[in-house]
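The values are calculated or read from the model by the stated rules, or taken from the named source; none is laboratory data. Bear in mind that the values here come from a model prediction, so they are computed numbers and not experimental data. So basically every Cβ, Gly included, is an ideal-geometry build from the backbone, and we count neighbours across all protein chains shown.
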Amino acid sequence: MVFPRTDGVAARGAARHPAAVLLRPGEPGPDRYLITADRVWDGLAPEPVRDGFLLVEGARIGALGRRADLGGGWDTVPRLDLPGATVLPGLIDCHVHMALSGSATPVRDFKREARAGAAALAVRAVQNLRLAAEAGVTTVRDLGTPNEVAFPLRAAVAEGRIPGPRVLTSGQPITVTGGHCHWFSHQCDSPAEIRVAVRRQVRDGADWIKLMLSGGNLTPRTNPGRPQYSEEEVRACTEESERLGVPVSAHAYDPDSIRRAVDAGVRTIEHCLFETADGIAYDPTTAILMAARGIAFVPTISGAFLRMGTAGPEGRDPVAPRFRERRTQIREVFRRMVAAGVPMVAGSDAGVPQRAFDGFPADLAALVGADGMGLTCREALVSATSAAAERLGVDDTGVLAPGRRADVLAVDGDPLSDIGAVVRPRLVLTAGRPVRGPEGAPPPAADGARDGRRTESDGSGT
Ligand SMILES: [Zn+2]
């Protein structure tokens, strides 16, 4: 093992910056290089390191710290300088559907492509994963994709055969007959059928079990405001999943479904808006239980939904007072949940109407400030990096630290003081492999997703 000269480090105060002491360069080679930037933020610290560096060694992070602490002996190591940029962990999107188009009519697209065969869906997923990675997303949790697409795609990314974020996936969800997303789910109508579906999913490779507790906006003839499953059925799902060591993600809109998910011990609740047919009915007791049991919610609120009628091209749309009221209520639910101490991790629901796979950074930005959801910049970034990794049970990413995967995003500006910077990627590495930058943008996506106006949903998720 060759160590760098350390006299420079000592002279500049290594004792005050122990990160420099951790430097353990391995064999020199083309897959070992330094990135320097105005700021390096590790995904946890209150503040970024100013004038910092990150050492990438193959798929892993070798070291990081202040450039001043690097010492000598680095002249032969390739170096990438990113002036004006901030280096941070690659983003983690905790809720996507990789085989859905994200157009105005993703269900129609899905059914057409499913009729053509799994290959058509797989091509869609390849395109989506690439878009996400180029936007800075280095891990996704897919919560609803046919098994024959989900598991091969996960393997293709892991083996480096296609570019994309690392994929964790539930494969096919579990729903009732004719229930939410029944067109790609196991349709189960009893505790016994649910147990069988859990066993099949675990056998076939699911990282998560996705249970559709309430109906959904995406699926006609379901009811988002009422539970699909009884307490007994939800318990059958969590018991069987727990036995097999696989966590459960619950799709739940209405207060009863949310409560059943909490009582049965799921790990995350998707959407979690406390919606009923008569409007939002927030239940503070359920929120207290979620906080006490460490059950997280994934609000899947889109930036476009929050901005609609306030500015930008959407501003031309007449926004009904009822829509504004609903948006205000959703903000209120979100803020009360966070204030109650309920863990929150970020997810886009990419693939559903008007949620393209490169939109996650903008959704994240929309969580910040009074017009958004009231989070600070750092809170929003934590929800998509370190907190998300912990929630998803992947302890090798989400934080920049020696030995972790080199899942790295560099953006123009300082997203910790101006969250808008997060939509300006300059460099993206997935396990050390560059998928974007440092120079030149990727080719534009040939997807009309963002132009459609008629949608199959209302912008707050499936
Ligand atoms: Zn979803």
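Whether any residue in segment 357-369 is under 29 Å from T105 (Cα atoms), within 16 Å of the ligand (Cβ to nearest atom), in contact with a helix residue (DSSP H, G or I) (Cβ under 8 Å, 6 or more places away or on another chain) and outside any helix (DSSP H, G or I) is what I want to check.
The answer is yes, given that some residue of segment 357-369 is under 29 Å from T105 (Cα atoms), within 16 Å of the ligand (Cβ to nearest atom), in contact with a helix residue (DSSP H, G or I) (Cβ under 8 Å, 6 or more places away or on another chain) and outside any helix (DSSP H, G or I).
Which condition number does G160 fail, the rest of (1) out of contact with any Cys (no Cβ under 7 Å at 6 or more places or on another chain); (2) among the small types (G, A, S); (3) modelled with pLDDT of 95 or more being met?
It is condition (3) that G160 fails.
Would you pick out the residues in segment 244-278 that are free of Cβ contacts under 8 Å to residues at least 60 places away in the same chain and out of contact with any helix residue (DSSP H, G or I) (no Cβ under 9 Å at 6 or more places or on another chain)?
Y253, D254, D256, A277, D278
Within segment 70-106, can you find the residues that are outside any loop (DSSP other than H, G, I, E, B), under 19 Å from S302 (Cβ atoms) and more than 14 Å from the ligand (Cβ to nearest atom)?
Residues satisfying the conditions are L91, I92.
The conditions are (1) at pLDDT below 95; (2) part of a helix (DSSP H, G or I); (3) more than 19 Å from S383 (Cβ to Cβ); (4) of a type outside the set (S, T, N, Q), and A311 fails exactly one of them. Which is it?
Tallying (1) at pLDDT below 95; (2) part of a helix (DSSP H, G or I); (3) more than 19 Å from S383 (Cβ to Cβ); (4) of a type outside the set (S, T, N, Q), A311 fails exactly one: (2).
For segment 117-147, give me each residue that is away from the ligand (no atom under 16 Å from the Cβ) and not in a helix (DSSP H, G or I).
G117, A135, G136, T138, T139, listed by residue number.
Only one residue in T430, T397 is crowded, with 21+ Cβ neighbours inside 10 Å, of a type outside the set (A, V, I, L, M, F, W, C) and at pLDDT below 95, so which one is that?
From the options T430, T397, the qualifying one is T430.
Would you confirm whether or not segment 370-387 contains a residue that is crowded, with 24+ Cβ neighbours inside 10 Å and closer than 19 Å to V266 by Cβ?
yes
Looking at S417, is it more than 29 Å from K210 (Cβ to Cβ) and free of Cβ contacts under 8 Å to residues at least 60 places away in the same chain?
Against the criterion (more than 29 Å from K210 (Cβ to Cβ) and free of Cβ contacts under 8 Å to residues at least 60 places away in the same chain), S417 qualifies.
Can you tell me which residue within segment 138-161, out of those that are closer than 16 Å to A59 by Cα and surrounded by 19 or more Cβ atoms within 10 Å (Cβ to Cβ), is farthest from the chain's Cα centre (by Cα)?
The extreme case among them is V157.
Report yes if A281 is more than 14 Å from E325 (Cα to Cα) and either without any contact (Cβ under 8 Å) to a residue 60 or more places away in the chain or out of contact with any Leu (no Cβ under 6 Å at 6 or more places or on another chain) (or both), otherwise no.
Taking the combined requirement at face value, the residue does not satisfy it.
Given the conditions (1) crowded, with 24+ Cβ neighbours inside 10 Å; (2) within 16 Å of the ligand (Cβ to nearest atom), and given that I419 satisfies all but one, which numbered condition is not satisfied?
In the conditions (1) crowded, with 24+ Cβ neighbours inside 10 Å; (2) within 16 Å of the ligand (Cβ to nearest atom), I419 misses (2) alone.
Grab the helices (runs of 4 or more DSSP H) fully contained in segment 192-299, keeping just those with 3 or more residues being within 16 Å of the ligand (Cβ to nearest atom) and modelled with pLDDT under 95.
Filter on segment 192-299 gives an empty set.
Check segment 145-165 and report whether any residue there is acidic (D, E), within 25 Å of A250 (Cα to Cα), in contact with a Phe, Trp or Tyr (Cβ under 9 Å, 6 or more places away or on another chain) and in the same structural domain as P224 (by TED's automatic domain parsing).
no
A135 passes all but one of (1) without any contact (Cβ under 8 Å) to a residue 12 or more places away in the chain; (2) under 24 Å from E390 (Cα atoms); which number fails?
Just one mismatch for A135, condition (1).
Does any residue in segment 300-316 that is closer than 14 Å to R327 by Cβ come within less than 8 Å, Cβ to Cβ, of a residue that is in a helix (DSSP H, G or I) and at pLDDT below 75 six or more places away or on a different chain, and which pairs are these?
As it stands, the answer is A304/E314; R307/E314; M308/E314; G309/G315, since those pairs meet every condition given.
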